[in-house]
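Here the structure comes first, spelled out in structure tokens, and everything after it is commentary.
Where a number appears in this text, it was derived from the coordinates with a stated rule and is not lab data. What you see is a predicted model, and the numbers here were worked out from it, not measured in a lab. Every residue, glycine as well, gets a Cβ built from its backbone with ideal geometry; the counts of neighbours run over all protein chains shown.
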Amino acid sequence: MKNRLAHWAAALLILGGLLASVGIISLCLGPADISPARLLPALVHGGDTIERTILCDVRLPRILLGIAVGGALSLAGVILQGLFRNPLVEPYTMGISGGAALGVCLAILLRLGKNFGVWSLPVAGSIGAAAAIFAVYFLSIGKGGLNIRNLLLIGIMISFICSSLITLIMAISKVEDLHGIIFWAMGSLEQPNPLLVRIAVIVSVVALGISYFFCLELNALLLGEEEAFHLGINIEAAKRLLFILASVITGLSVSVAGIIGFVGLVVPHFMRLFVGGDHRILIPAAWLCGGVFLVFCDTLARTVISPTELPVGVVTGLLGGIIFVYVLCRRPEGKSRCSI
Amino acid sequence: MLDISNLTCGYDSGFAIRNINLRVPAGEIIGVIGPNGSGKTTLLRAITRSLKPASGAIRLEGTDIRRLKIRDLARKIAVVSQSAESGFMTVEEFVLLGRTPYYDRFRFLETKNDLKIARNAMASTDVLRLKDQIMSRISGGERQLALIARALAQEPKLLLLDEPTTYLDITHQVGILDLIRRLNINFALTVIMVLHDLNLAGEYCHRLALFNKGAIHKFGLPEEVLNYRIIEDVYKTVVIVEKNPISRKPYVMAVSEAAQEANREHNKD
């Protein structure tokens with residue numbers, strides 16, 4: 001058992017180190033390169049220099065948002081995959097992103113931005129996400145409680161309905177709106193509002209803390225719902241709370257940063273291979289790894305063909321897809337179904 | 001120990017067990033037998049509270065189980081079911097999950113005591129040697145033993161088993177049931193198990209409850225229940241009941257249609 005604790009500590013240290021190094025590299029890189037040696041002086045006694053402004057007002061918030069959103073999406077992925085015992089579920093399967101996207105499209109179409117400023121898109125996204133969550137949740141409450149299989153099917157259906165409506169909106173909207181919708185839908189960590197960044201970071205960290213209290217429930221749920229019940233788990237309460245938690249952090253991530261795919265699907269799988277399926281380590285490890293992955297992808301996105309910036313969703317999709325296929329192919333025999 | 005009175009309990013589909021009355025004395029092994037779909041598993045699910053009773057009550061050591069917290073119930077009743085998925089975990093991790101009802105909200109790691117109890121449970125079911133093996137890679141018989149070890153790690157007073165010998169060869173069937181008998185004696189564990197094999201049920205159980213069409217047809221000692229009239233009545237099958245020459249317990253033999261035919265021909269002549 002000591003051995004296992006050492007393993008866990010090592011995994012967290014490595015991931016923490018990776019996060020720090022990716023963060024520092026990301027701080028240094030950009031249109032104005034700042035060498036690592038000058039990072040600390042510029043931050044500590046930079047005064048009002050341009051370097052300090054770039055670091056503190058442009059790059060640092062972006063990195064923080066990357067960690068918060070990457071962590072939140074991975075966490076939602078771990079929770080939902082554990083809840084459904086289905087390795088293909090990800091935060092966006094549940095119709096949450098569809099709802100948020102629909103909200104944002106409507107906001108752009110109705111030009112709410114003119115009246116409500118920078119808040120209009122995130123607020124519209126949150127409302128859309130919340131509407132989707134409520135629809136999925138209340139439609140799948142059966143007589144005996146939350147029906148997990150229905151939840152999944154209804155979530156997928158809501159996703160389809162939303163994406164059809166979005167296509168409809170795009171078909172009838174003007175060209176300049178279209179660009180806004182498409183760019184938003186591909187996701188971006190560029191968030192000019194520092195308060196939103198702060199909210200995202202706080203919610204993400206708090207969600208990590210709350211979900212950790214459910215690691216034993218998630219472990220027991222690996223055996224199936226009835227078995228978890230036999231082990232004294234109040235499964236109805238656990239399912240509800242975990243579903244709502246995953247929904248809220250997904251909805252918030254989508255509202256703040258748009259649709260950034262694959263993080264919530266790939267990172268939990270990757271971490272399961274690395275640290276195992278025990279949620280006591282999987283939850284923090286996936287959160288950290290999600291942050292590392294998203295900050296890394298975002299740094300690539302804004303430096304590869306600088307000054308043009310790629311949408312970060314494209315990078316995560318490409319990189320994540322390749323990693324996912326690679327991991328699936330080299331998976332040892334017999335592990336494929338059971339790792340979840 | 002366990003006292004079931006006037007229990008009626010069922011599913012939305014309409015199937016239900018009706019007016020069940022059963023007293024399980026402490027320290028006994030009760031075998032639940034009966035044809036497929038007669039309500040045996042439904043009884044177990046009612047005892048674990050997976051199913052809500054429509055009427056009647058189940059009392060565990062005098063307390064209505066509905067008044068217990070789920071976690072407290074899991075400290076008293078452990079279940080070995082057929083449906084358990086085992087995931088990608090080692091035998092030891094799997095058995096340690098049996099300690100789940102003993103964790104506090106603010107404790108995430110198992111204590112030395114938890115580990116000791118899990119090790120003991122594995123030792124008494126002979127799976128300690130497999131502790132680092134992956135659950136999905138051990139044999140069916142070993143898996144069944146690991147399931148029992150996990151149930152023992154819950155330190156229950158009552159152990160429920162749903163067809164613990166299905167899919168096992170006779171060596172493992174007897175091995176599992178001998179083990180259950182030993183646990184019953186060594187830990188004063190009360191056991192209720194659903195069995196399909198009437199002979200194993202007669203050999204290992206102190207008392208048998210024979211279910212038919214959602215009701216208890218007969219409850220009593222194996223000699224009383226495994227009577228050829230009762231068995232033929234419930235199972236609609238021609239059988240012969242003899243005594244096991246060593247254990248003196250009843251055993252049931254089915255008679256094939258062809259043999260019955262031949263016997264009739266023979267008697268005619």
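Observations, loosely collected:
- Efficiency of FRET between B:Arg137 and A:Asn86 - r from beta-carbon atoms, R0 22 angstrom, step 0.05: 0.50
- Sequence-separation-based contact order of the range A:1-111, relative, with Cα cut under 8 Å and 6+ spacing, percent: 13
- With both labels modelled 7 Å from their Cα along Cα-to-Cβ, the B:Ala254 to B:Lys268 distance reads 2.6 nm.
- Vicinal HN-Hα couplings computed from phi for the range B:193-204 (Karplus, 6.51 cos²θ - 1.76 cosθ + 1.60; Hz; Gly/Pro x): 10, 7, 10, 9, 7, 4, 5, 5, 4, x, 6, 10
- Length gained on full extension, A:Val58 to A:Ile199, computed as 0.36 nm times the residue gap minus the Cα-Cα distance: 49.1 nm.
- Under the criterion of Cα pairs below 8 Å and six or more residues apart, the relative contact order for the range B:141-199 equals 44 percent.
- Neighbour-count order for A:Leu112, B:Leu198, fewest beta carbons within 10 angstrom listed first: A:Leu112, B:Leu198
- Fewest-first ranking of A:Ser253, B:Ser247, A:Ser188, using other Cβ atoms within 10 Å as the exposure measure: B:Ser247, A:Ser188, A:Ser253
- 25 Å Cα cut-off, lysine pairs counted over the range B:2-227 (separation 8 or more, or different chains): 21
- The convex hull defined by the C-alpha atoms of the range B:37-91 has an orientation-averaged projected area of 5.4 nm².
- Note on the protein assembly as shown: Cα Rg divided by 2.2 N^0.38 Å, N the number of residues, gives 1.20.
- The tail of the calculated P(r) for the range B:2-227, taken as Cα-Cα distances beyond 28 Å, holds 29 percent of the pairs.
- Think of it as helices only: each DSSP H run of n ≥ 4 in chain B is worth -39500 (n - 2.57), and spread over all residues that comes to -10500 deg cm²/dmol at 222 nm.
- Full-stretch length increase - A:Glu51, A:Ser21 - with 0.36 nm per residue and alpha-carbon distance subtracted: 8.9 nm
- For chain A, the fraction of C-alpha pairs farther apart than 28 angstrom is 43 percent.
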